[in-house]
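For reference, the structure discussed in these notes is given below.
Nothing in this text is a laboratory measurement; each read-out follows from the coordinates by a stated rule. If you're wondering where the values come from, they're calculated on a predicted model, not measured in any experiment. FYI the Cβ positions are ideal-geometry reconstructions off the backbone, even for glycines, and counts take in every protein chain you see.
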Amino acid sequence: MSKKQTYLFILAMGLILIFIGQFMHISYLNRVTNNTWTWMQSPYVFAPAAICAFIFMNNGKYWLINTAAALVASLVIQYLIVQGGGSLYIILIRAFAFLVIVYLLNLIKVILDK
């Protein structure tokens, strides 16, 4: 399976999970997707995610580096910008939103390269 097919498969599975959560009223899935969408729209998450997505593009450990960057960025946002202790849930959702942005930018790059 090519990289493009793998990315589109992951995107399709994510969309299916979102639709299942919305139509079957699974509160946990709805809460996670709504919080992720909210943080994806924040410039505090989007800007570093976009920068990291393109800086580390040709690195062999791309997803590992971006996962570490997501956790660091989430902690920095929580303690320097929000200036308050947050729960592990908030920090992980913000890191997940970071990774979703990186994934979508990478998917767009793969689609446009072909």
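For segment 22-56, the set of residues classified as over 18 Å from ILE77 (Cβ atoms) and of a type outside the set (A, V, I, L, M) consists of GLN22, PHE23, HIS25, SER27, TYR28, ASN30, ARG31, THR33, ASN34, PHE54, PHE56, listed by residue number. Looking across segment 85-103, the residues that are touching a residue at least 60 places away in the same chain (Cβ under 8 Å) and farther than 10 Å from SER74 by Cα come down to VAL100, ILE101, TYR103. Out of GLN83, GLN78, one residue alone is surrounded by 17 or more Cβ atoms within 10 Å (Cβ to Cβ) and over 16 Å from the mean Cα position of the chain (by Cα). It is GLN78. From the list ALA49, ALA53, ALA73, the one residue that fits, being hydrophobic (A, V, I, L, M, F, W, C), closer than 21 Å to LYS3 by Cα and either in contact with a Lys or Arg (Cβ under 9 Å, 6 or more places away or on another chain) or not in a helix (DSSP H, G or I) (or both), is ALA53.
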